[in-house]
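Structure first, then comments.
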Amino acid sequence: MTPERYAKILKVLSRRQPTLTVLMDEVNKPHNFSAILRTCDAVGVLTAHAVPPKLGQGRGQLPTFGATSASADKWVSVQTHDDAVSAVRALQAQGVQVLATHLSQRSVDYREPDYTRPTCVLLGAEKFGVSDEAADAADQNIIIPMYGMVQSLNVSVAAATILFEAQRQRLAAGLYDQPQLDPERLRQLAFEWAYP
Ligand code: SAM
(Lines give C-alpha, C1' and ligand atoms only; values in the text may rest on other atoms or scores of the structure.)
Protein backbone atom coordinates (compact mmCIF):
# COMPACT_ATOMS: atom_id res chain seq x y z
CA MET A 1 0.00 0.00 0.00
CA THR A 2 1.60 3.22 -1.18
CA PRO A 3 0.98 6.48 0.71
CA GLU A 4 -0.73 7.82 -2.46
CA ARG A 5 -3.12 4.88 -2.56
CA TYR A 6 -3.95 5.27 1.12
CA ALA A 7 -4.53 9.02 0.62
CA LYS A 8 -6.93 8.18 -2.24
CA ILE A 9 -8.85 5.76 -0.01
CA LEU A 10 -9.17 8.42 2.70
CA LYS A 11 -10.34 11.00 0.16
CA VAL A 12 -13.00 8.67 -1.26
CA LEU A 13 -14.23 7.67 2.19
CA SER A 14 -14.38 11.31 3.28
CA ARG A 15 -16.95 11.84 0.49
CA ARG A 16 -19.01 8.71 1.08
CA GLN A 17 -22.71 9.41 1.67
CA PRO A 18 -23.97 6.88 4.23
CA THR A 19 -27.43 8.51 3.99
CA LEU A 20 -27.83 7.82 0.26
CA THR A 21 -28.60 4.37 -1.05
CA VAL A 22 -30.52 2.24 -3.53
CA LEU A 23 -32.71 -0.83 -3.15
CA MET A 24 -32.59 -3.10 -6.20
CA ASP A 25 -35.70 -5.23 -6.24
CA GLU A 26 -34.88 -8.43 -8.12
CA VAL A 27 -32.67 -6.71 -10.69
CA ASN A 28 -31.53 -9.91 -12.36
CA LYS A 29 -29.15 -9.01 -15.18
CA PRO A 30 -25.54 -8.95 -14.00
CA HIS A 31 -24.56 -6.08 -16.30
CA ASN A 32 -27.37 -3.90 -14.90
CA PHE A 33 -26.62 -4.84 -11.30
CA SER A 34 -22.92 -4.09 -11.80
CA ALA A 35 -23.55 -0.84 -13.65
CA ILE A 36 -25.79 0.37 -10.81
CA LEU A 37 -23.06 -0.43 -8.27
CA ARG A 38 -20.56 1.47 -10.38
CA THR A 39 -22.80 4.54 -10.30
CA CYS A 40 -23.29 4.06 -6.56
CA ASP A 41 -19.52 4.20 -6.12
CA ALA A 42 -19.32 7.34 -8.26
CA VAL A 43 -21.87 9.28 -6.19
CA GLY A 44 -20.61 7.98 -2.86
CA VAL A 45 -23.13 5.34 -1.82
CA LEU A 46 -21.57 3.32 1.00
CA THR A 47 -24.00 0.39 1.15
CA ALA A 48 -26.54 -0.65 -1.48
CA HIS A 49 -29.54 -2.88 -0.77
CA ALA A 50 -30.87 -5.69 -2.93
CA VAL A 51 -33.57 -8.33 -3.03
CA PRO A 52 -32.06 -11.26 -4.99
CA PRO A 53 -34.13 -12.46 -7.97
CA LYS A 54 -36.67 -15.13 -7.00
CA LEU A 55 -37.09 -16.62 -10.48
CA GLY A 56 -34.84 -17.90 -13.24
CA GLN A 57 -31.26 -19.00 -13.31
CA GLY A 58 -29.32 -17.89 -10.25
CA ARG A 59 -32.47 -17.30 -8.22
CA GLY A 60 -31.84 -16.50 -4.58
CA GLN A 61 -28.40 -15.09 -5.38
CA LEU A 62 -27.20 -11.63 -6.24
CA PRO A 63 -26.41 -11.36 -9.96
CA THR A 64 -22.75 -12.16 -10.47
CA PHE A 65 -20.45 -9.22 -10.82
CA GLY A 66 -19.09 -8.64 -14.29
CA ALA A 67 -16.58 -6.43 -16.01
CA THR A 68 -19.07 -3.53 -16.09
CA SER A 69 -18.62 -2.79 -12.41
CA ALA A 70 -14.89 -2.15 -12.84
CA SER A 71 -14.63 -3.69 -9.37
CA ALA A 72 -17.17 -1.26 -7.85
CA ASP A 73 -18.42 -4.22 -5.79
CA LYS A 74 -15.20 -3.93 -3.77
CA TRP A 75 -16.09 -0.41 -2.69
CA VAL A 76 -19.88 -0.60 -2.29
CA SER A 77 -21.18 -3.26 0.05
CA VAL A 78 -24.54 -4.89 -0.67
CA GLN A 79 -27.05 -5.77 2.05
CA THR A 80 -29.59 -8.36 0.98
CA HIS A 81 -33.27 -8.55 1.97
CA ASP A 82 -35.95 -11.22 1.55
CA ASP A 83 -38.51 -8.96 -0.08
CA ALA A 84 -38.95 -5.36 -1.13
CA VAL A 85 -41.78 -4.38 1.22
CA SER A 86 -39.95 -5.51 4.37
CA ALA A 87 -36.77 -3.81 3.11
CA VAL A 88 -38.70 -0.56 2.54
CA ARG A 89 -40.14 -0.72 6.06
CA ALA A 90 -36.74 -1.52 7.61
CA LEU A 91 -35.16 1.50 5.88
CA GLN A 92 -38.04 3.77 6.88
CA ALA A 93 -37.67 2.62 10.49
CA GLN A 94 -34.11 4.01 10.30
CA GLY A 95 -35.45 7.40 9.17
CA VAL A 96 -34.75 6.89 5.47
CA GLN A 97 -37.25 8.19 2.90
CA VAL A 98 -37.83 5.61 0.18
CA LEU A 99 -38.47 6.93 -3.33
CA ALA A 100 -39.94 4.24 -5.58
CA THR A 101 -39.30 4.61 -9.31
CA HIS A 102 -42.85 3.86 -10.30
CA LEU A 103 -45.57 5.42 -12.42
CA SER A 104 -48.70 5.93 -10.31
CA GLN A 105 -51.31 8.57 -9.50
CA ARG A 106 -48.92 10.06 -6.95
CA SER A 107 -45.73 10.01 -9.04
CA VAL A 108 -43.71 13.20 -9.11
CA ASP A 109 -40.81 14.29 -11.30
CA TYR A 110 -37.60 12.71 -9.94
CA ARG A 111 -36.07 16.20 -9.45
CA GLU A 112 -38.72 17.24 -6.89
CA PRO A 113 -37.72 15.29 -3.75
CA ASP A 114 -35.11 16.58 -1.30
CA TYR A 115 -32.19 14.17 -1.72
CA THR A 116 -30.20 15.83 1.05
CA ARG A 117 -32.44 13.87 3.44
CA PRO A 118 -31.55 10.24 4.17
CA THR A 119 -32.79 8.66 0.94
CA CYS A 120 -33.15 5.28 -0.73
CA VAL A 121 -34.08 4.97 -4.41
CA LEU A 122 -36.11 1.82 -5.05
CA LEU A 123 -35.40 0.32 -8.48
CA GLY A 124 -37.47 -2.39 -10.10
CA ALA A 125 -36.71 -5.56 -12.00
CA GLU A 126 -36.11 -5.27 -15.75
CA LYS A 127 -39.25 -7.18 -16.68
CA PHE A 128 -41.73 -6.39 -13.93
CA GLY A 129 -40.67 -3.04 -12.46
CA VAL A 130 -41.45 -2.09 -8.85
CA SER A 131 -44.44 -3.97 -7.41
CA ASP A 132 -47.55 -1.97 -6.49
CA GLU A 133 -47.12 -3.13 -2.87
CA ALA A 134 -43.56 -1.80 -2.62
CA ALA A 135 -44.53 1.42 -4.41
CA ASP A 136 -47.43 1.91 -1.97
CA ALA A 137 -45.12 1.31 1.01
CA ALA A 138 -42.62 3.91 -0.30
CA ASP A 139 -42.75 7.55 0.84
CA GLN A 140 -43.00 8.88 -2.69
CA ASN A 141 -43.17 7.57 -6.25
CA ILE A 142 -40.85 9.26 -8.72
CA ILE A 143 -40.56 9.14 -12.46
CA ILE A 144 -38.11 10.39 -15.08
CA PRO A 145 -40.32 12.06 -17.71
CA MET A 146 -40.23 10.25 -21.07
CA TYR A 147 -41.26 11.86 -24.35
CA GLY A 148 -40.29 9.12 -26.80
CA MET A 149 -41.94 6.04 -28.23
CA VAL A 150 -40.40 3.69 -25.65
CA GLN A 151 -42.05 3.55 -22.23
CA SER A 152 -39.11 2.97 -19.91
CA LEU A 153 -35.37 3.38 -19.56
CA ASN A 154 -32.85 0.68 -18.81
CA VAL A 155 -32.78 0.33 -15.00
CA SER A 156 -29.09 1.26 -14.73
CA VAL A 157 -29.67 4.40 -16.82
CA ALA A 158 -32.62 5.37 -14.60
CA ALA A 159 -30.49 4.74 -11.50
CA ALA A 160 -27.69 6.95 -12.82
CA THR A 161 -30.06 9.76 -13.78
CA ILE A 162 -31.61 9.85 -10.31
CA LEU A 163 -28.42 9.32 -8.33
CA PHE A 164 -26.68 12.17 -10.13
CA GLU A 165 -29.61 14.45 -9.26
CA ALA A 166 -29.04 13.37 -5.66
CA GLN A 167 -25.34 14.15 -6.08
CA ARG A 168 -26.17 17.58 -7.56
CA GLN A 169 -28.37 18.48 -4.59
CA ARG A 170 -25.88 17.13 -2.06
CA LEU A 171 -22.98 19.00 -3.66
CA ALA A 172 -25.00 22.24 -3.45
CA ALA A 173 -25.73 21.50 0.22
CA GLY A 174 -22.04 20.89 0.99
CA LEU A 175 -22.50 17.23 1.89
CA TYR A 176 -19.31 16.23 0.03
CA ASP A 177 -17.26 18.92 1.79
CA GLN A 178 -17.23 17.32 5.24
CA PRO A 179 -16.94 13.59 6.02
CA GLN A 180 -20.40 12.12 6.60
CA LEU A 181 -18.93 9.00 8.22
CA ASP A 182 -17.97 9.28 11.87
CA PRO A 183 -14.17 9.34 12.32
CA GLU A 184 -13.93 5.88 13.91
CA ARG A 185 -15.97 4.22 11.13
CA LEU A 186 -13.95 6.06 8.50
CA ARG A 187 -10.68 4.82 10.02
CA GLN A 188 -12.00 1.27 10.25
CA LEU A 189 -13.18 1.26 6.61
CA ALA A 190 -9.89 2.76 5.44
CA PHE A 191 -8.05 -0.12 7.08
CA GLU A 192 -10.42 -2.69 5.54
CA TRP A 193 -10.10 -1.15 2.06
CA ALA A 194 -6.34 -0.87 2.33
CA TYR A 195 -5.81 -4.42 3.61
CA PRO A 196 -8.73 -6.53 2.30
N1 SAM B 1 -42.14 -3.31 -17.56
C2 SAM B 1 -41.58 -2.61 -16.45
C3 SAM B 1 -42.63 -1.73 -15.79
O4 SAM B 1 -43.74 -1.71 -16.26
O5 SAM B 1 -42.33 -1.09 -14.78
C6 SAM B 1 -40.41 -1.80 -16.94
C7 SAM B 1 -39.32 -1.79 -15.96
S8 SAM B 1 -37.97 -0.75 -16.39
C9 SAM B 1 -37.26 -1.52 -17.77
C10 SAM B 1 -36.87 -1.22 -15.07
C11 SAM B 1 -36.73 -0.22 -13.98
O12 SAM B 1 -36.02 0.92 -14.46
C13 SAM B 1 -37.99 0.34 -13.38
O14 SAM B 1 -38.57 -0.52 -12.44
C15 SAM B 1 -37.44 1.60 -12.73
O16 SAM B 1 -36.75 1.27 -11.55
C17 SAM B 1 -36.44 2.07 -13.76
N18 SAM B 1 -37.02 3.01 -14.74
C19 SAM B 1 -37.12 2.83 -16.06
N20 SAM B 1 -37.65 3.90 -16.66
C21 SAM B 1 -37.90 4.80 -15.68
C22 SAM B 1 -38.45 6.12 -15.66
N23 SAM B 1 -38.84 6.74 -16.76
N24 SAM B 1 -38.54 6.73 -14.47
C25 SAM B 1 -38.12 6.14 -13.33
N26 SAM B 1 -37.60 4.90 -13.30
C27 SAM B 1 -37.49 4.23 -14.45
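List the residue pairs whose Cβ atoms are under 6 Å apart, where the first residue sits in the range 139-153 and is under 22 Å from Leu99 (Cα atoms) and in a loop (DSSP other than H, G, I, E, B), the second is within 7 Å of the ligand (Cβ to nearest atom) and not small (Gly, Ala, Ser), and the two are 6 or more positions apart or on different chains.
Ile144/Tyr110
Report, by residue number, each residue of the range 75-126 that is within 16 Å of the ligand (Cβ to nearest atom), over 24 Å from Leu171 (Cβ atoms) and in a strand (DSSP E or B).
If the condition is that a residue be within 16 Å of the ligand (Cβ to nearest atom), over 24 Å from Leu171 (Cβ atoms) and in a strand (DSSP E or B), then Ala100, Ser107, Ala125 are the ones that fit.
Those residues that are crowded, with 17+ Cβ neighbours inside 10 Å and within 13 Å of Leu163 (Cα to Cα), I need them from the range 101-115; list them, please.
Those that are crowded, with 17+ Cβ neighbours inside 10 Å and within 13 Å of Leu163 (Cα to Cα): Thr101, Tyr110, Pro113, Tyr115.
Tally time: how many residues in the range 127-180 are within 15 Å of the ligand (Cβ to nearest atom), under 18 Å from Leu46 (Cβ atoms) and open to solvent by less than 70 Å² (accessible area, probe 1.4 Å)?
Final tally of qualifying residues: 5.
The values are calculated or read from the model by the stated rules, or taken from the named source; none is laboratory data. Quick caveat, the model's predicted, so the values are computed rather than measured. In this analysis, Cβ positions are derived from the backbone assuming ideal geometry, glycine residues included, and neighbour counts consider all displayed protein chains. Areas reflect the complete protein model, heavy atoms only, side chains present, ligands, DNA and RNA absent. Shrake-Rupley method; radii C 1.70, N 1.55, O 1.52, S 1.80 Å.
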